[in-house]
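All remarks here apply to the structure that follows.
The values are calculated or read from the model by the stated rules, or taken from the named source; none is laboratory data. Since this is a predicted model, take the numbers as computed values, not measurements. Neighbour counts run over all protein chains shown; Cβ positions are idealised from the backbone, glycine included. Accessible surface is based on the protein model in full, side chains and every heavy atom, while ligands, DNA and RNA are left aside. Shrake-Rupley method; radii C 1.70, N 1.55, O 1.52, S 1.80 Å.
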Amino acid sequence: MLAVYFDCPGGPENLYVKEVMKPQPGEGEVLVKVSASALNRADIVQRRGKYPPPKGASDILGLEAAGSVAGFGPGCKGRWKIGDAVMALLSGGGQAEYVTVPEGYLMPIPNDMTFIQAAAIPEAWLTAFQLLHFVGKIQKGERVLIHAGASGVGMAAIQLVRLAKAVPIVTAGTQEKLKAAANAGAAAGFNYKSEDFSEKVLEFTQGAGVDIILDCVGGSYWEKNLSCLSTDGRWIVYGLLGGGEVHGDLLARLLSKRGSIHTSLLRSRDKEAIIFKTFFLLQYKERLVKAFTEDVLPYFSRGASPHLETLIDSIYPLHEIAEAHRLMEENKNIGKIVIKMPA
């Protein structure tokens, strides 16, 4: 099969497409013929040599895919049949013509959705859903600050916060991105490059602050995050785009607000499950996929109210993967960058 490959860490120019062996599904796994995948920040960092895949996972890039069921490994329980349209969050291997997926990690693609649209769902929407519901325990009426509001996770989180009848507030680096976030349902948005978002958030919330912060930036935002975090608020860190170092009295300020810090990495749960095979860890992502499929996926169907939508910035054929990486590195995309497999 064809797959994205790089011989050594470095820039986008190191990427190319080559023939590799098609994977064979193992115990409880399904073989999926990939029609579309999507690009994520993790792919960029892995290409640079700073984010190796979990032990036992494919070293091919790609953390999500949409396509058709093409085969089964031993022990599958018959949840799917050949030809079913499915999508999945992966620990790697999505940017190839075939990928193997644990049976319980697959999700059905709604009848009126294309593979291109479906490929933009798994990583962003499952991440946002997990952060808000499994980690943050979002409640009706709460205020949620979403950093990188025009990213894939950000745009998903805005709509999921609305679905939970809570209030989404975002930060972004351009007016164009803030407008896109507003169109997705953000109640307010602030340009972190030209204004102090913590002051603006406090002004918007009339001094109350936010109950939940979804933070993919990390160290460089800690003071402003704590300034606008409400009493008993939850600060959820799921990325470190702004570094991991903190200089200052973080704990005292956090304690003064009875705040809590949560951290989350969804990809590494695959690593734990592969290594330890413990029941709980194997079931975590299945529980997440099941909850998302039941509670959220129906709202993507045409005619659903409220209606959820994926936002696709651009579509690149597999052979132009380097150009897709360059676009993401320039931070110009609003929504998802989708990679289309050869027909």
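Taking the criterion of being modelled with pLDDT under 95 and part of a loop (DSSP other than H, G, I, E, B), the only residue of region 29-45 that qualifies is Asn40. The single condition among (1) under 25 Å from Glu329 (Cβ atoms); (2) in contact (Cβ under 8 Å) with a residue 24 or more places away in the chain; (3) aromatic (Phe, Trp, Tyr) that Phe204 does not meet is (1). When Leu132, Leu145 are checked against the criterion of being under 17 Å from Thr263 (Cα atoms) and in a helix (DSSP H, G or I), a single residue qualifies: Leu132.
Residue check: Ala118 meets all listed conditions (1) crowded, with 24+ Cβ neighbours inside 10 Å; (2) over 10 Å from the mean Cα position of the chain (by Cα); (3) in a helix (DSSP H, G or I); (4) not assigned by the TED database to the domain that holds Glu64 but one, namely (4). Residues that are open to solvent by 10 Å² or more (accessible area, probe 1.4 Å) and touching a Ser or Thr at 6+ places or on another chain (Cβ under 8 Å) were ranked within region 317-335; the one that is nearest to Thr114 (Cα to Cα) is Asn333.
For region 168-185, residues that are closer than 19 Å to Lys140 by Cβ and either open to solvent by 40 Å² or more (accessible area, probe 1.4 Å) or in contact with a Pro (Cβ under 8 Å, 6 or more places away or on another chain) (or both) total 1. No other residue among Leu241, Leu266 is over 19 Å from Gly136 (Cα atoms), among the aliphatic types (A, V, I, L, M) and modelled with pLDDT under 85 apart from Leu241. Here is a check on your reading of the model: is Thr231 open to solvent by 10 Å² or more (accessible area, probe 1.4 Å), more than 21 Å from Leu132 (Cα to Cα) and either outside the structural domain of Tyr51 (by the TED database) or of a type in the set (Asp, Glu) (or both)? So Thr231 does not fit the description; no. None of Ala57, Ala36 is open to solvent by less than 20 Å² (accessible area, probe 1.4 Å) and either under 23 Å from the mean Cα position of the chain (by Cα) or within 25 Å of Ala124 (Cα to Cα) (or both) except Ala36. Annotation note: Cβ proximity below 7 Å between a residue of region 171-199 that is within 18 Å of Gly209 (Cα to Cα) and of a type in the set (Phe, Trp, Tyr) and a residue that is open to solvent by less than 50 Å² (accessible area, probe 1.4 Å) and in a loop (DSSP other than H, G, I, E, B) (sequence gap 6+ or interchain) occurs for Tyr192/Gly173. Please indicate, with yes or no, whether at least one residue in region 99-110 is more than 29 Å from Ser220 (Cβ to Cβ), assigned to a helix (DSSP H, G or I), outside the structural domain of Glu203 (by the TED database) and touching a strand residue (DSSP E or B) at 6+ places or on another chain (Cβ under 8 Å). Scanning region 99-110 turns up at least one residue that is more than 29 Å from Ser220 (Cβ to Cβ), assigned to a helix (DSSP H, G or I), outside the structural domain of Glu203 (by the TED database) and touching a strand residue (DSSP E or B) at 6+ places or on another chain (Cβ under 8 Å). Taking the conditions exactly as written (of a type in the set (Gly, Ala, Ser), assigned by the TED database to the domain that holds Asn14 and in contact (Cβ under 8 Å) with a residue 40 or more places away in the chain), does Ala85 satisfy them or not? The answer is no for Ala85. Note on region 99-143: residues that are under 29 Å from Ile212 (Cβ atoms) and either free of Cβ contacts under 8 Å to residues at least 12 places away in the same chain or among the hydroxyl-bearing types (Ser, Thr, Tyr) (or both) total 2. Only one entry of Pro102, Pro110, Pro52, Pro9 meets the criterion of being on the phi < 0 side of the Ramachandran plot and at pLDDT 95 or above, and that entry is Pro9. Scoring Glu294 on the criteria (1) open to solvent by less than 70 Å² (accessible area, probe 1.4 Å); (2) modelled with pLDDT of 95 or more; (3) not assigned by the TED database to the domain that holds Glu13 leaves a single failure, condition (1).
Ala156: of a type in the set (Gly, Ala, Ser), modelled with pLDDT of 95 or more and either in a helix (DSSP H, G or I) or open to solvent by 30 Å² or more (accessible area, probe 1.4 Å) (or both), yes or no? Yes. For region 273-291, residues that are at pLDDT below 85, open to solvent by 60 Å² or more (accessible area, probe 1.4 Å) and farther than 15 Å from Val101 by Cβ total 5.
For region 55-63, the count of residues that are outside the structural domain of Gly154 (by the TED database) and free of Cβ contacts under 8 Å to residues at least 12 places away in the same chain is zero.
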